[in-house]
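S.K.: I have a structure I would like to understand better, so I am pasting it below and will then ask my questions one at a time.
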Amino acid sequence: MNPILETKGLTFIYSPGTAYAKVACDHVDVTLYEGEFLGVIGHTGSGKSTLIQQLNGLLRPTEGQVLLRGKDIWAEPKKIRAVRFQVGMVFQYPEYQLFEETVMKDICFGPKNQGLSEEEALERAREAAYFVDLKEELWEKSPFELSGGEKRRAAIAGVLAMDPDVLILDEPAAGLDPKGRDKLLSQIRRYHKARGNTVLLVSHSMEDIARVADRVLVMNGGKMAMLDETPKVFARGEELEKMGLMMPQVTRMMARLKQLGYPVRGDELTVEQAVEELSALYGKGGQAGC
């Protein structure tokens, strides 16, 4: 895979030169590849949000670089707005950003600002609405008439409609019930498979990251603590727990079964993987295979 977005020595200090100076991102080197799905985890205050806000120029690094296809995004500061079209950001609780008269106008806003014609913007917006399963009967309604979950999907569709090369999602499922969270994650995963764009998902939920990410970046104290394939990161459960991160429940359960002597792998990350393993162990007749 080819690199699409890289950071080199990326550092950000809040209130530099004052008694309140705080290093929130400390010499982070990370590479995102074309078409990959990267998960980012870390406890509150670990530097996740500061890191991702530098990736599309919302924050300018105190030190270091962000490279988009090998070019420093701050090489021409006046063109930083163009970077944000290529590296799209969905903030936590994005529904608070809705403002247009209708849902469809809101979704069209980004593509129009990219310079697309009315027809092209509308085509992009419709496609994005389908991706997030936003029913046609909602398109001409005020966004403020929608339910919480519908607002969330409309706001995400507004970013998808810009068709960014890199899509960054900051806790997109925050505040949703389990059913709504599962539906939204499935839609994001479907979008990723269909588009082949690079996706970066920030989440407090280890279960969510385990289900969708190819690789996982772990932030701790402003530093990159781990970066590896998802199973390899979650195999380091004791280290993660020392950072205040809880392993997925199903992984902890299967690891415990392995400790008790059951012949399971013990590193299953999803319910589906656990069911497959236990079905092989017990067989269709319900007899234990150990």
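Rule-based calculations on the coordinates, nothing more; no lab input. Note that the structure is predicted; figures quoted are calculated from it, not measured. Positions of Cβ are backbone-derived with ideal geometry, glycine not excepted, and every protein chain shown enters the neighbour counts.
S.K.: Please work out which residue is surrounded by the most Cβ atoms within 10 Å (Cβ to Cβ), limiting yourself to region 59-90 and to residues that are more than 17 Å from residue 165 (Cβ to Cβ) and of a type in the set (A, V, I, L, M). Working first, answer last.
M.R.: Let us first name the residues in region 59-90 that are more than 17 Å from residue 165 (Cβ to Cβ), namely 59-65, 74-78.
Those still in the list that are of a type in the set (A, V, I, L, M) too: 59, 75.
Values: 59: 18, 75: 11.
Among residues in region 59-90 that are more than 17 Å from residue 165 (Cβ to Cβ) and of a type in the set (A, V, I, L, M), the one surrounded by the most Cβ atoms within 10 Å (Cβ to Cβ) is 59.
S.K.: For region 1-48, which positions are closer than 19 Å to residue 164 by Cα and of a type in the set (Ser, Thr, Tyr)?
M.R.: 7, 31, 33 - these are the residues of region 1-48 that are closer than 19 Å to residue 164 by Cα and of a type in the set (Ser, Thr, Tyr).
S.K.: Sort out which residues of region 71-98 are part of a loop (DSSP other than H, G, I, E, B) and in contact with a Leu (Cβ under 8 Å, 6 or more places away or on another chain), and write them in order of number. Break it down into steps so the answer makes sense when it comes.
M.R.: Let us first name the residues in region 71-98 that are part of a loop (DSSP other than H, G, I, E, B), namely 73-76, 91-93, 98.
Residue satisfying the conditions is 73 alone.
S.K.: Can you tell me which condition residue 112 does not meet? The list is (1) assigned to a helix (DSSP H, G or I); (2) out of contact with any strand residue (DSSP E or B) (no Cβ under 7 Å at 6 or more places or on another chain); (3) touching a residue at least 12 places away in the same chain (Cβ under 8 Å), and all the others hold.
M.R.: (3)
S.K.: A further question follows. If a residue must be closer than 28 Å to residue 127 by Cα and of a type in the set (A, V, I, L, M), how many such residues does region 176-225 contain?
M.R.: Selection size over region 176-225: 13.
S.K.: Could you list all residues from region 110-135 that are of a type in the set (Gly, Ala, Ser) and surrounded by fewer than 22 Cβ atoms within 10 Å (Cβ to Cβ)? Explain how you work it out, then say what you get.
M.R.: Taking region 110-135 and keeping what is of a type in the set (Gly, Ala, Ser), we get 110, 115, 117, 121, 125, 128-129.
Listed by number, the residues that qualify are 115, 117.
S.K.: Okay, next question. Does residue 270 meet the test of being within 27 Å of residue 35 (Cβ to Cβ), hydroxyl-bearing (Ser, Thr, Tyr) and touching a Leu at 6+ places or on another chain (Cβ under 7 Å)?
M.R.: Numbers: within 27 Å of residue 35 (Cβ to Cβ): yes; hydroxyl-bearing (Ser, Thr, Tyr): yes; touching a Leu at 6+ places or on another chain (Cβ under 7 Å): no.
No: the conditions fail for residue 270.
S.K.: Can you confirm whether region 257-268 contains a residue that is assigned to a helix (DSSP H, G or I), in contact with a helix residue (DSSP H, G or I) (Cβ under 8 Å, 6 or more places away or on another chain) and more than 19 Å from residue 217 (Cβ to Cβ)?
M.R.: No: region 257-268 contains no residue that is assigned to a helix (DSSP H, G or I), in contact with a helix residue (DSSP H, G or I) (Cβ under 8 Å, 6 or more places away or on another chain) and more than 19 Å from residue 217 (Cβ to Cβ).
S.K.: Counting only residues that are out of contact with any Pro (no Cβ under 9 Å at 6 or more places or on another chain) and assigned to a loop (DSSP other than H, G, I, E, B), which one in region 58-70 is farthest from residue 158 (Cα to Cα)? Break it down into steps so the answer makes sense when it comes.
M.R.: The initial filter retains those residues of region 58-70 that are out of contact with any Pro (no Cβ under 9 Å at 6 or more places or on another chain), namely 58-59, 61, 63-66, 68.
Keeping just the survivors that are assigned to a loop (DSSP other than H, G, I, E, B) gives 58-59, 61.
Values: 58: 18, 59: 22, 61: 27 Å.
For region 58-70, the residue satisfying everything is 61.
S.K.: When you check residue 104 against the structure, is it over 22 Å from the mean Cα position of the chain (by Cα) and buried (at least 19 other Cβ atoms within 10 Å of the Cβ), yes or no?
M.R.: On the way: over 22 Å from the mean Cα position of the chain (by Cα): yes; buried (at least 19 other Cβ atoms within 10 Å of the Cβ): yes.
For residue 104, the condition - over 22 Å from the mean Cα position of the chain (by Cα) and buried (at least 19 other Cβ atoms within 10 Å of the Cβ) - is met.
S.K.: Could you run through region 1-57 and say how many residues are among the basic types (Lys, Arg) and in a strand (DSSP E or B)?
M.R.: Of region 1-57, the ones among the basic types (Lys, Arg) are 8, 22, 48.
Going one step further and asking which of them are in a strand (DSSP E or B), we end up with 8, 22.
Residues flagged as among the basic types (Lys, Arg) and in a strand (DSSP E or B) within region 1-57 amount to 2.
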